[in-house]
1. Does Ser34 satisfy the criteria of being among the hydroxyl-bearing types (Ser, Thr, Tyr) and within 25 Å of Asp100 (Cβ to Cβ)?
2. Hey, any hits in the stretch 3-19 for a residue that's assigned to a loop (DSSP other than H, G, I, E, B) and either within 20 Å of the chain's Cα centre (by Cα) or at pLDDT 90 or above (or both)?
3. Which one of these does Gly54 not meet: (1) outside any strand (DSSP E or B); (2) under 18 Å from Ile25 (Cβ atoms); (3) of a type in the set (Gly, Ala, Ser)?
4. Got a number for residues in the stretch 122-158 being hydrophobic (A, V, I, L, M, F, W, C) and at pLDDT below 90?
5. Within the stretch 65-133, considering only strands (runs of 3 or more DSSP E) that don't extend past its boundaries, which have at least 2 residues that are within 15 Å of Ile42 (Cβ to Cβ)?
6. If you check every pair at least six apart or on different chains, which have Cβ atoms under 6 Å apart with a residue in the stretch 84-95 that is under 15 Å from Leu141 (Cα atoms) first and a residue that is of a type in the set (Ser, Thr, Tyr) and crowded, with 19+ Cβ neighbours inside 10 Å second?
7. Just checking, how many residues over the stretch 60-75 are exposed (fewer than 13 other Cβ atoms within 10 Å of the Cβ) and closer than 18 Å to Ile25 by Cβ?
8. Tell me yes or no: at least one residue of the stretch 39-55 is more than 17 Å from Leu133 (Cβ to Cβ), modelled with pLDDT under 90 and within 18 Å of the chain's Cα centre (by Cα).
Amino acid sequence: MKLRLSIVSLFFLLNGCTSLPPAAIRNIPFVDLSYQTVNQDINAYKDVPIRWGGVIIDVENEKDFSLVQILFYPLDKKGYPYINKKNEGRFVIESSDFLDPAVYKKDTEITVTGTIKGNIERTIGNKTIQVPLISATAIYLWPKEYRYNYYGPGRYGYYPPYPFGFYGDPYYYRGFYWPYPYRW
């Protein structure tokens, strides 16, 4: 019995450790600034350390640096982008490392820590816009499995996927599972 309890507790301990992002993202100090605040007056926030995230749109590699264009989403407490919320705009990160477009694929969730460097022009269709430019100090690409395990496909709300159901399940009522038409 004690062996079974220790195996179960070890499973939960190891499972909890794997869901956090690496220390490179988690332990870097940053100022919690919203996208709208920075975008209104970018010059007032130059050289301010921030942590932003979102979904990769495009990767451009130049001779000495790489630029990654990201669609901004607010982050949760672990630093994962809330992709179910409304995006607020775009920003670009600059890295002195070569960022391979095969690794930094389109529609991949990303979290970046760095400092605000200024504005950069981006052309979208026939329109040219100014977006914030971030000098990246740490970049974390979220694995696709994280989204599946954290949100669960077809679930109601942000419940983790439990094998025996959860409180958001439409068949679960007052502690019991009922056939759907006979819930009351």
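1. Considered against the rule, which asks whether it is among the hydroxyl-bearing types (Ser, Thr, Tyr) and within 25 Å of Asp100 (Cβ to Cβ), Ser34 comes out as no.
2. Yes, the stretch 3-19 contains a residue that is assigned to a loop (DSSP other than H, G, I, E, B) and either within 20 Å of the chain's Cα centre (by Cα) or at pLDDT 90 or above (or both).
3. Of everything listed in (1) outside any strand (DSSP E or B); (2) under 18 Å from Ile25 (Cβ atoms); (3) of a type in the set (Gly, Ala, Ser), Gly54 misses just condition (1).
4. The number of residues fulfilling the criteria is 2.
5. By residue number, 89-95, 109-124.
6. From the stretch 84-95, the pairs are Ser95/Ser66.
7. 0
8. no
The values are calculated or read from the model by the stated rules, or taken from the named source; none is laboratory data. Note that the structure is a prediction, hence the values are computed from the model and not measured. Don't worry about glycine lacking a Cβ; one is built from the backbone with ideal geometry, like all the others, and counts go over all protein chains shown.
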